[in-house]
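J.: Quick one: structure below, then a few questions.
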Amino acid sequence: MNDTYELRMGEAHIEVHKFRGGSIVMATIIAVFLQTAIPVHFPKFALLDLPLLLTIYFGLSRRNPSTGLLLGMTIGLLQDSLSGPTVPIGLYGIAKTIIGYLASSIGARLDTEHPIARFALTVIFFGVHQGIVILTRRLLLAQPEPWFTMHLAIGAAVNAIVGVFLFMLLDRLRKN
Amino acid sequence: MVAIPSRHKSLFLLIGVVVLQILFLAIQIRRDSQGRLIRVWTVGAVTPFERVGASGVGGIRGVWNHYFALQNAARDNERLTRENADLKLQLNELQNKADEADRLAKLLDFRQNHKTVPMLAARVIAASADSATQTLYLDRGEHDGIRRNMGVITPDGVVGKISETYPNTSQVLLLTDRDSGVGAMLVESHIQSPVGGAGEPLLSMKYVANDDTVAIGEHVVTSGMDRIFPRDLPVGTVAQIKDGNPFKQIRLKPAANLESLEDVIVLLSVQPLDLTKSENKDTKNSGAPIAEAKPVAEAKKEPQSKSKTAKP
């Protein structure tokens, strides 16, 4: 069986990557663990959203919208479960489900291997993710949240920068 | 039966999954926020790793700080020596004042009363998985006697309250969370008003009228009116004041360092506080719980004691 194959979209050839067995599960567990453990010692680390970065990366790499959205849902629900009491189960689940779907769909149409493309996509997906979370909070939870804050802008930039390097690291989990 | 075209299958799956989660969200919103089974399972599965991680990180930091990161040790030593000399001078000045001697005597009474209060030391092992909520996980839970709504403090001041409990773990809602709140009182003016979080490092004191006089640097302590915290625990210090409509916008710097908590104390009592009893209580009663102990600050101000409640 070929571990890497190509989608042919017109003239473009886009690779669909597979990963070593269990690597997605392990990466997810490690990301959620780090997301909760490190801010205890370094509070600024909370600016990073590692579960989101993983959702984006595996969505872009796998390029299958169904698996992308299911992985996003799983990661989001895990994050919900470990969040504060004011975060109902499903808040991040919904946002990451949609991000997983969008990332997989875009990954199937564009070449997303270049660091600049990854940076730009991470900024966009971070913004969309926050938009969905804020929309859900406003519509379903009646929690007035500002649409834009400087904190969000900094978060988008930091996540995109870290994402570029994290994605390079995660590339090593791919089957050759 | 209408067949779904294969190219639209993932879109239908997306819609189905999102709708399911929205329904699930709606069910939760209607319910009282009791502990949910999925939270219990997930926290139960993850917290053992958090414990190991917390110990591991602590160990690595200890080794790093004690054996490698010593380049600033000499400078720190000089600084600490200077600080120590300053502190000794201050201590001498304090010891020469009779009223300070009186305050220290009452402080001793207060601390003796604290000895009988059921308290539990706990270690912080994890933080919230999102940046929107300000919560922490402790390494103690229901098996240690911790229940929801118990107060959490450090020697510096109020930290928050227990928001969820699990068999061996519990979750603390920090004072800085926007859904957090504590009954509080300005020390000088005795104006009472709730203090809550705003999702950022500073706290917010609500319902203080523009006519009331508040000074920067004024200390804020618990009022005991929330029936979670006893009176006179430090909450914070006034850092910013702006006139608002109709109330002042007052921001407080928390007394406890909420950004780097490692060890906390859980007050193992959710009993309503008997404030009347507290006012009249002999401070030497060693059997008194913390809520009933006569606080030092209160005792010091007793001749001018008057309480003024802000009108919300």
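J.: In sequence order, what are the phi-derived ³J(HN,Hα) couplings for the range A:70-82 according to the Karplus relation 6.51 cos²θ - 1.76 cosθ + 1.60 with θ = phi - 60°, rounded to whole Hz, with x for glycine and proline?
T.: Ordered by residue, 3J(HN,Hα) equals 5, 5, x, 4, 4, 5, x, 5, 4, 5, 4, 5, 9 Hz.
J.: Which of these, A:Leu110, A:Leu139, A:Leu48, has the largest mean-square fluctuation under a Gaussian network model of chain A (Cα springs below 10 Å)?
T.: A:Leu139
J.: Moving to a separate point now. Tell me the Kirkwood hydrodynamic radius of chain A in angstroms, computed as one over the mean inverse distance between distinct C-alpha pairs.
T.: Details: mean 1/r = 0.0606 Å⁻¹.
Every distinct Cα pair counted, the radius reaches 16.5 Å.
J.: By counting other Cβ atoms within 10 Å of each Cβ, how are B:Ser170, B:Ser269 ranked from fewest to most?
T.: B:Ser269, B:Ser170
J.: May I ask you to compute the full-extension gain from B:Glu259 to B:Gln71, defined as 0.36 nm times their residue separation minus their alpha-carbon distance, rounded to one decimal in nm?
T.: 65.1 nm
J.: Separate question: Hey, fewest Cβ within 10 Å first, where do A:Thr36, B:Thr213 land in order?
T.: Fewest-to-most ranking of A:Thr36, B:Thr213: B:Thr213, A:Thr36.
J.: Still on this model: I'd like the FRET efficiency for B:Glu142 and B:Glu188, computed as 1/(1 + (r/R0)^6) with the beta carbon distance as r and R0 of 45 Å, rounded to 0.05. Before the final figure, lay out each step's value.
T.: Working: r = 41 Å, r/R0 = 0.90.
The pair B:Glu142/B:Glu188 has a calculated efficiency of 0.65.
J.: Also, quick follow-up: R0 = 30 Å: FRET efficiency of A:Ala153 with A:Leu34, Cβ-based, nearest 0.05?
T.: It comes out at approximately 0.80.
J.: Amide H neighbours of B:Gly236 under 5 Å, counting only residues 5+ apart in sequence or on other chains, H built in-plane at 1.01 Å?
T.: For B:Gly236, whose amide H was placed from the backbone, the distant partners under 5 Å are B:Val220, B:Ala255.
J.: Pairing the Cα long axis of helix A:50-62 with the longest principal axis of chain A, what angle in degrees results, from 0 to 90 and rounded to the nearest 10?
T.: 20 degrees
J.: For B:Thr169, A:Thr67, B:Thr81, what ranking results if the residue with the fewest other Cβ atoms within 10 Å of its Cβ goes first?
T.: In increasing order of surrounding Cβ atoms, one gets B:Thr81, A:Thr67, B:Thr169.
J.: Please state the charge dipole magnitude for chain A, taken about the Cα centre, from unit charges on C-beta atoms (+1 on K and R, -1 on D and E), reported in debye and rounded to the nearest 20.
T.: 160 debye
J.: What's the average, rounded to a whole number, of partner chain beta-carbon atoms within 10 Å of each residue's beta-carbon in A:42-50?
T.: 3
J.: B:Ile125's amide H: which non-local residues (gap 5+, or another chain) put their own amide H closer than 5 Å, with H modeled 1.01 Å from N in plane and none for Pro or chain starts?
T.: The answer is B:Tyr137, B:Leu138, B:Asp139.
J.: Right, here's the next one. Based solely on its DSSP helices, what 222 nm [θ] is calculated for chain A when runs of n ≥ 4 H residues each add -39,500 (n - 2.57) and the sum is averaged over all residues, nearest 500 deg cm²/dmol? Each step should come with its number before you reach the end.
T.: Working: 6 runs with 114 residues, N = 176.
So the helix-based figure for chain A works out to -22000 deg cm²/dmol.
J.: In whole Hz, what ³J(HN,Hα) sequence does the range A:19-28 give by Karplus (6.51, -1.76, 1.60; θ = phi - 60°), x for Gly and Pro?
T.: Along the range A:19-28, the couplings run 10, 4, x, x, 5, 5, 4, 5, 4, 5 Hz.
J.: Could you work out the mean count of beta carbons from other protein chains within 10 Å of each residue's beta carbon in B:66-76?
T.: Going residue by residue through B:66-76 and averaging, the value is 0.
J.: A follow-up question, please. Could you run the Karplus curve 6.51 cos²θ - 1.76 cosθ + 1.60 with θ = phi - 60° over the range B:16-23 and give me ³J(HN,Hα) per residue in whole Hz, x for Gly and Pro?
T.: x, 5, 5, 4, 4, 5, 5, 4
Read-outs: derived from the displayed coordinates by stated rules, not from any lab. Keep in mind that this is a model prediction, so the values were computed, not measured. In this analysis, Cβ positions are derived from the backbone assuming ideal geometry, glycine residues included, and neighbour counts consider all displayed protein chains.
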